[in-house]
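A.B. asks: Mind having a look at this structure? Questions to follow.
The values are calculated or read from the model by the stated rules, or taken from the named source; none is laboratory data. Note that this is a predicted model, so its numbers are computed, not measured. We place every Cβ from the backbone using ideal geometry, glycine too, and count neighbours over all the protein chains shown.
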Amino acid sequence: MKTDILIVGCGVAGLYAALHLPEDKKITIITKDAADKSDSFLAQGGICVLRDEGDYASFFEDTMRAGHYKNNRESVDIMIQNSRDVIDDLIGYGTEFEKKNGEYVYTREGAHSRPRILFHEDETGKEITSHLLETVKKRENITLLEYTSMVDMVCEDNVCRGIVCKDAGANYYQILADYTLLATGGIGGLFKHSTNFRHLTGDALALAIKYGIKLQHPDYIQIHPTTLFTRKEGRSFLISESVRGEGAHLLNSKGERFVNELLPRDVVTEAIRKEMEKEGSEHVWLTMAPIPEKEIISHFPNIYRHCLEEGYDVTKEPIPVVPAQHYFMGGIDVDAYSKTSMEHLYAIGETACNGVHGQNRLASNSLLESLVFAKRAARQIRDTYEVLPQREELPVMPETYSDCTEQYKKMVLDAIEEEKIKNE
Ligand SMILES: Cc1cc2nc3c(=O)[nH]c(=O)nc-3n(C[C@H](O)[C@H](O)[C@H](O)COP(=O)(O)OP(=O)(O)OC[C@H]3O[C@@H](n4cnc5c(N)ncnc54)[C@H](O)[C@@H]3O)c2cc1C
């Protein structure tokens, strides 16, 4: 199969890039699962925006401080400067953010020195991504293939010519393209406890390793301090940081506070782990008692509902919480336009690393970063478009890929471990 531009993944990064690519190009998007099964749909807290010029310096500083000053300063500047443009686009697609008396309401999360986060209840990701998806489905030049997984890339002399994929009927075939964008999200599926969808296993990273495409900081992995403690298998349910931003407290088993809840995620996670170790417990507690009941139900309806289903009424009692893998700051190394070290290959969203987050992501910066840099990739492809003379489509041998999942997982986990050892 031949397309002009291929996008692997349909979270915010893949969808938004598709909407900014030329409408006279044939665009194919593939996704491993159903179109609404991406982490983008799960985002709860919100999306950061530069409220006014007066906030630039503190937004920049908050992002840098959370990232332990390991951030790429140029990327941080680009993200902040382009934030209003992205929000305007999202509103144009029909996304609604919380308003009071006709004015937008801003919330805050840990490590933000002032409220600058737009939100839609506690389902901001669903609100944003469903409107992007709806808009994509209306574009005649875009084809979306669900339950279709990238299992290999077609590369020659450091040029990407497309991918090999496997569809729902277990058919393997090539999709050749002038440009390929990897938008495969995070790596939570590699970990036992993670807030991510289980099918997000860092496949693009494994293929990057296979073809010598440069990675950056594969050991920069964020653990979220507060997910609902459960003994059930599967994805960990996130208790958004904005719950703490609105006043919730962390408590040990004696009902005592033991950390400033608004410190950066890695610091709070460390404090929780120490407290659990000290007490020999499997979790700590989070109480929403300082937040008015009306506010809990209107701002956090999803969390309220989910906890009720699990047997906890957050308006009346504390809930058990535990840290879990949440976000990947490292990834496929890209420049300021999301271009990888391989020609005709871009990487966007969580699977890419442009250094914006440094060693630890500031809350609610990832949807924004994914969108800003997806648009820049699309614009660069549009402005420099080069048709790639393609080779003949080659037959694909299914047996070559039949058990690549475990092999790819191992490749990524090994790369993480190697980087950790290198930096010790
Ligand atoms: C519970 C939760 C809450 C969050 N809350 C917030 C928040 O409030 N604010 C914020 O800014 N960020 C938040 N984040 C982070 C944010 O949601 C993600 O970083 C962001 O959505 C990533 O977008 P993406 O497009 O890169 O990837 P995703 O949205 O994860 O999409 C990845 C896509 O790639 C596809 N894919 C993967 N592998 C393959 C393959 N081999 N072949 C084909 N397709 C493949 C998947 O099927 C999927 O369509 C949260 C994350 C989680 C998990």
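A.B. asks: Is it the case that some residue within the stretch 383-400 is at pLDDT 95 or above and within 15 Å of the ligand (Cβ to nearest atom)?
C.D. replies: There is no residue in the stretch 383-400 that is at pLDDT 95 or above and within 15 Å of the ligand (Cβ to nearest atom).
A.B. asks: Among the listed residues I332, I416, I421, which satisfies the condition of being part of a strand (DSSP E or B) and either surrounded by fewer than 23 Cβ atoms within 10 Å (Cβ to Cβ) or not hydroxyl-bearing (S, T, Y) (or both)?
C.D. replies: Result of the check over I332, I416, I421: I332.
A.B. asks: Moving on. So E121 passes all but one of these: (1) over 30 Å from I239 (Cα atoms); (2) modelled with pLDDT under 95. Which condition number does it fail?
C.D. replies: Here E121 meets the rest and fails (1).
A.B. asks: Further question on the same structure: Can you give me the number of residues within the stretch 217-242 that are away from the ligand (no atom under 13 Å from the Cβ) and in contact with a Phe, Trp or Tyr (Cβ under 8 Å, 6 or more places away or on another chain)?
C.D. replies: Number satisfying all stated conditions: 2.
A.B. asks: Could you run through the stretch 157-185 and say how many residues are charged (D, E, K, R) and either exposed (fewer than 15 other Cβ atoms within 10 Å of the Cβ) or under 20 Å from C353 (Cβ atoms) (or both)?
C.D. replies: Here the count works out to 2.
A.B. asks: Identify the residue in the stretch 196-215 that is within 19 Å of I30 (Cβ to Cβ) and not in a loop (DSSP other than H, G, I, E, B) and, among all such residues, is nearest to the ligand (Cβ to nearest atom).
C.D. replies: D203
A.B. asks: Quick one: in the stretch 100-141, of everything that is part of a helix (DSSP H, G or I) and polar (S, T, N, Q), which residue is farthest from H20 (Cα to Cα)?
C.D. replies: T124
A.B. asks: Next question. So, A271, is that one closer than 30 Å to K316 by Cβ, crowded, with 23+ Cβ neighbours inside 10 Å and more than 21 Å from the chain's Cα centre (by Cα) or not?
C.D. replies: Criteria not met by A271.
A.B. asks: Under 6 Å between Cβ atoms, which residue pairs at least 6 apart in sequence (or on different chains) link something in the stretch 402-422 that is within 19 Å of M153 (Cβ to Cβ) with a partner that is surrounded by fewer than 12 Cβ atoms within 10 Å (Cβ to Cβ)?
C.D. replies: none
A.B. asks: Would you pick out the residues in the stretch 186-203 that are more than 14 Å from the chain's Cα centre (by Cα) and crowded, with 24+ Cβ neighbours inside 10 Å?
C.D. replies: Scanning the stretch 186-203 gives a single hit, D203.
A.B. asks: Report yes if S58 is buried (at least 22 other Cβ atoms within 10 Å of the Cβ), in the same structural domain as Y385 (by TED's automatic domain parsing) and not in a loop (DSSP other than H, G, I, E, B), otherwise no.
C.D. replies: Against the criterion (buried (at least 22 other Cβ atoms within 10 Å of the Cβ), in the same structural domain as Y385 (by TED's automatic domain parsing) and not in a loop (DSSP other than H, G, I, E, B)), S58 does not qualify.
A.B. asks: Tell me which residues, restricted to the stretch 216-227, are part of a strand (DSSP E or B) and either surrounded by fewer than 22 Cβ atoms within 10 Å (Cβ to Cβ) or within 16 Å of the chain's Cα centre (by Cα) (or both).
C.D. replies: Q216, I221, Q222, I223, H224 - these are the residues of the stretch 216-227 that are part of a strand (DSSP E or B) and either surrounded by fewer than 22 Cβ atoms within 10 Å (Cβ to Cβ) or within 16 Å of the chain's Cα centre (by Cα) (or both).
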